[in-house]
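Data first, discussion second: the structure below is written as structure tokens.
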Amino acid sequence: MKVGIFDSGIGGLTLLHQAMILMPQENFLFYADTDHVPYGTKSREQVISYVDDVIQFMISHDCKAVVIACNTATAVAAELMRERYTFLPIIGIEPAVKPAVEESAGKRVMVVATPLTVHEKKLKKLVERVDDAHLVDLVELPRLVEFAECGEFVSDQVTRYLQEQFSSYTLEQYGELVLGCTHFNYFKDTFQTLMPPYVHIIDGSLGTVRQLMRVLSSKGLLTLSQTETDQKENNNWETLKNDICVRYYTSGHLITDPLQLKTIQHLHERLELMRKI
């Protein structure tokens with residue numbers, strides 16, 4: 001059986017990459033819904049329909065659990081999918097607002113996300129629940145998903161776009177930057193350059209994978225051959241990468257083209273660099 005992980009595009013590779021490091025004995029199915037990327041600018045109804053189709057695909061391909069590696073899809077559809085597919089563990093990702101607020105030491109917290117995530121009630125309720133001091137600011141960065149899908153991670157254009165979006169904020173006031181979209185992890189180095197050096201960049205991938213492991217373990221579905229050593233964050237990617245079983249799909253089509261697979265490996269290499277920031 002496999003662990004299914006999906007996103008609207010390449011952003012979900014962030015979570016897959018972390019899962020491959022912490023859970024190297026598992027078999028993975030990664031699904032990028034490239035026919036409908038980006039989710040963050042679509043309607044709620046469209047996103048719910050897309051997510052439902054992907055989960056049905058995962059079920060038909062013998063997935064023992066599904067991870068929604070998309071903040072937008074989690075905010076819009078996770079609860080509904082859990083009600084609809086009660087037999088299937090469904091784990092979602094959400095912006096790491098709570099740990100960011102706890103670690104902010106009174107400084108402000110910036111949460112960057114897609115427009116749909118920012119305007120969804122789920123994120124607003126999360127902020128209301130943990131942000132008693134009203135430290136959190138929500139910032140929409142819709143074009144960053146487009147840059148990521150084009151493979152444009154470090155460029156003058158990306159830097160100018162982020163500078164423009166941050167121009168109305170006093171960045172020195174912030175202590176935490178929360179990446180509320182898995183696509184945004186590819187840009188950690190640029191974020192690091194633009195923000196003051198003391199700003200901590202945080203995303204929800206690690207916490208989500210740990211939750212996935214807890215859920216699988218509680219249901220007796222975690223691969224038993226895993227050892228505590230296998231599950232450490234500092235597992236060596238270079239040692240692991242050729243031994244982990246992953247099948248990659250784009251909107252239902254298995255990727256077999258060597259050039260496409262090579263591109264995916266390049267994305268993993270970038271994510272490994274970003275994981276260390």
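Nothing in this text is a laboratory measurement; each read-out follows from the coordinates by a stated rule. What you are looking at is a predicted structure, and each value in this text was computed from that prediction instead of being measured. Neighbour counts run over all protein chains shown; Cβ positions are idealised from the backbone, glycine included.
Over 24 Å apart at the Cα level, from the set LYS219/LYS276; LYS2/LYS188; LYS42/LYS241; LYS98/LYS124; LYS2/LYS42; LYS98/LYS121, are LYS219/LYS276; LYS2/LYS188; LYS42/LYS241; LYS2/LYS42. Bridge orientation summary for the chain: considering DSSP beta bridges with both residues in this region, about 5 percent are antiparallel. Magnitude of the charge dipole for the chain, about its Cα centre and with charges confined to Cβ atoms of Lys, Arg (+1) and Asp, Glu (-1), is about 480 debye. Dimensions of the range 1-105 along the principal axes, based on C-alpha atoms and rounded to the nearest Å, stand at 47, 37, 26, largest first.
The P(r) of the range 97-203 has a tail past 20 Å containing 35 percent of all C-alpha pairs. Compactness of the chain is given as radius of gyration and Dmax, 17.9, 52 Å, from Cα positions.
Excluding ASP189 itself, what net charge comes from residues whose Cβ is under 11 Å from its Cβ, given Lys and Arg +1 and Asp and Glu -1? Intermediate results must be reported in sequence, preceding the final value.
On the way: positive: LYS188, ARG270, LYS276; negative: none.
Taking every other residue near ASP189 into account, the sum is +3.
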